[in-house]
1. Relative contact order, percent, of segment B:109-230 when contacts are C-alpha pairs under 8 Å separated by at least 6 residues?
2. Calculate the FRET efficiency for A:Glu130 and B:Lys99 from the Cβ-Cβ distance with a Förster distance of 51 Å, rounded to the nearest 0.05.
3. Quick one: if you stick a label point 7 Å off each Cα along the C-beta vector at A:Glu42 and A:Asn170, how many nm between them?
4. At R0 = 51 Å, how high is the FRET efficiency between B:Gln92 and B:Lys212 if r is their beta carbon distance? Nearest 0.05 is fine.
5. Would you kindly derive the ³J(HN,Hα) couplings of segment A:168-174 from the backbone phi angles with the Karplus curve 6.51 cos²θ - 1.76 cosθ + 1.60 (θ = phi - 60°), listing them in order in whole Hz, with x for Gly and Pro?
6. Give me the Kirkwood hydrodynamic radius of chain A, using the inverse of the mean 1/r over all pairs of distinct Cα atoms, in Å to one decimal.
7. Around A:Val148, which amide H atoms from residues at least 5 apart in sequence, or from another chain, sit under 5 Å from its own amide H, with H modelled in the peptide plane?
8. If a helix is a whole DSSP H run, which ones in chain B reach 15 Å or further along their own axis (Cα) and hold a mean Kyte-Doolittle hydropathy of at least 1.0?
Amino acid sequence: MRICVKILNDFELLRFSTAGSVDDGKSTLIGRLLYDSKSIFEDQYDAIKSASEKRGEEEVNLALLTDGLKAEREQGITIDVAYRYFSTPKRKFIIADTPGHIQYTRNMVTGSSTANVALILVDARQGILEQTRRHAIISSLLQIPHLVICINKMDLVDYKQEAFDNIKRNLKISLRSSIYMMSLSYQFRR
Amino acid sequence: MNYRLHHLKELEAESIFILREVAAQFSNPVLLFSGGKDSIIVSYLAKKAFFPAKIPFALLHIDTGHNFPETIEYRDFWVKELGCRLLVGSVQDAIDQGKVTEEKGFNASRNFLQTTVLLESLENGKFDAAIGGARRDEEKARAKERFFSHRDEFGQWDPKNQRPELWNLFNARKHLGEHFRVFPISNWTELDVWEYLAAEKVPLPSLYFAHKRKVFERDGILLADSDFIPKKPHEIPLEMTVRCRTIGDVSCTGVWESEASTIEEIIEEVATSRKTERGGRTDDKRSHRKVINC
């Protein structure tokens, strides 16, 4: 028992935010992170499962974990930042899931201001959009020390390397700063 | 130089900063105290924030009259320990005066009547900030709330129109009659709270530790046998070893079967639990629609 407490005590705290344009999958990414790190409690999972079924969706919609306001669920969008918490054996994480709509940019700024890492998602089909650029610029303006660009929904472009490379090239031109690249797909099946 | 702060120390520093900010920006704040672990931790942090001076605001307890006796015993002990003033807003008085109507039926709870009494207490006391122990990990709507959360003159929160809150800048501007709810431990998780209480050796109400109690089951939740809850004929109380994961009004606080009798055992239980702490709160289940709505 004492060992258990000791391990838990040795955490360090990392705050990160997710940003990017509307429907690039920010809330779903967080839902998936929480699911994979086993941070979703049984009663929470059952709640979003029945909510997904009610909406007529075949798969469990993990975005419902963070979109907690009624207006958000109705419109299927994120209006304000939602904070979520999870931990791995090494770190404790505070995630700020920020909205993608231009009208709610101030909420994105609120969520990102305290972040150590900003994650910006890009839909592989859409490429770089206005909000992608805006969020990248805001993140650098806020002096967030690390920026990670995640190219998402790779399954919808059949995991084509060239789709990934294209976006990467365009990003390099438009951002002209060193950014980390990663390819990602989290299509969720059960 | 590699400077690394313990995660609890970082959370503590954040909360203490916010508590001091409240004292600096508001003219008449008050700390909402329920007797649960979250309000205990907030009041404990308040003591730390202003030590060696006294906490510069009073504690406000909204008393439903349907308490566990242990809660009131602890409340009085803790107020003495902190050396601060205690104010009580009584739901019973509001019922007697006809301001609110008590719910009827088996699932009647005074939990919802608390809001009216709270708003009235805030208005009567001319409080412009109410510090609470809500945490973002507790529940989906709370996950969206700012540290400084604005309330209009009717005490309502407008989640679709929250203010920006950048870095450590907190905006407390408001019109006359409006107030703020402030949540210093927004970023703490249930596990953080327990680890901190253990590390700081904060005295806790006995309800949190495993004890023998007469309980009965309703809708999959174990409720404490008490005169305040009318029982259906088939609900026969049995003696079990239980503990509370959250403490509220008797009528809505579910208890859990548990053998955890020390704080270390509680931490182990919380760390391995597959259910949310509020899974045992009947008020949350009832208010699901409202929660999403708010």
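1. On the way: 120 pairs, mean separation 31.5, N = 122.
Reported as a whole number, the value is 26 percent.
2. On the way: r = 52 Å, r/R0 = 1.03.
Calculated value: 0.45.
3. That separation, rounded to one decimal, is 4.6 nm.
4. Values: r = 29 Å, r/R0 = 0.57.
Efficiency, rounded to the nearest 0.05: 0.95.
5. Using θ = phi - 60°, the values come out as 4, 5, 4, 4, 4, 5, 7 Hz.
6. Details: mean 1/r = 0.0577 Å⁻¹.
Over chain A, the inverse of the mean reciprocal pair distance is 17.3 Å.
7. A:Ala118, A:Leu119, A:Ile120
8. none
All of the numbers you see were taken from the coordinates with simple rules; none came from a lab. Please read all numbers here as calculations on a predicted model, not as lab measurements. Don't worry about glycine lacking a Cβ; one is built from the backbone with ideal geometry, like all the others, and counts go over all protein chains shown.
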